[in-house]
Amino acid sequence: MDPNQPGEAVTEAGWAEIRADGRVRTELLDAAYVEPRLRQLFPWAGMGELHFSRCTGFRWTWDIPYIQPAVGGGYWVSGPSRKETVGPAATSEQAIAMVVERLPPGCGPAFVGSPEELSSHEATARNQATGEG
């Protein structure tokens, strides 16, 4: 992915890439993509899990719950950290709703760059808003 592309194009390329790799259930990707608050975030997959990042650059952010397939069907929503669980969801739509209701305030659209660059950008914006920088 080209970091010089506008954020929406980079995020859209991420959605195309995650669809093509086949590690996440199609029904889950479809449900996530039609939810505007998630579609504006950068998707990534790990171990069949669907994760959402507030930035487009690798190591991505870990401040949004993620969805994993449950044994026997359905889903399990966890996170944002691996030590936190939200609970089971019978359908992809229920899992998506559980993530959306736990989005951080002001979440999205995805920032083009790394988590460190996002953090610096947010600190600068906070300082400008408060007149400190």
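The values are calculated or read from the model by the stated rules, or taken from the named source; none is laboratory data. For clarity, every value in this text was computed on a predicted model and none was experimentally measured. Note that each Cβ is placed from the backbone with ideal geometry, even for glycine, and that neighbours are counted across all protein chains shown. Heads up: the accessible areas ignore ligands, DNA and RNA and are worked out on the full protein's heavy atoms, side chains in. Shrake-Rupley method; radii C 1.70, N 1.55, O 1.52, S 1.80 Å.
Basic side chains Lys and Arg get +1 at the Cβ, acidic Asp and Glu get -1 at the Cβ, and with that the dipole of the chain about its Cα centre reaches some 300 debye. Each of GLY73, GLY57, GLN40 was placed along the dipole of the chain (beta-carbon charges, centred on the mean Cα), and the one lying farthest toward the positive end is GLY73.
Scaling against 2.2 N^0.38 Å puts the C-alpha radius of gyration of segment 51-133 at 1.30. For segment 10-88, a crude dipole built from +1 on the beta carbon of Lys and Arg and -1 on the beta carbon of Asp and Glu, taken about the Cα centre, is about 180 debye to the nearest 20.
The helix-based estimate of mean residue ellipticity at 222 nm for the chain, built from -39,500 (n - 2.57) per DSSP H run of four or more residues and divided by its residue count, is -11500 deg cm²/dmol to the nearest 500. In the chain, the portion of solvent-accessible area held by carbon and sulfur atoms comes to 53 percent [1.4 Å probe, whole percent, DNA, RNA and ligands not counted]. Averaged over its residues, segment 32-71 has an accessible area of 42 Å² per residue, based on protein heavy atoms and a 1.4 Å probe.
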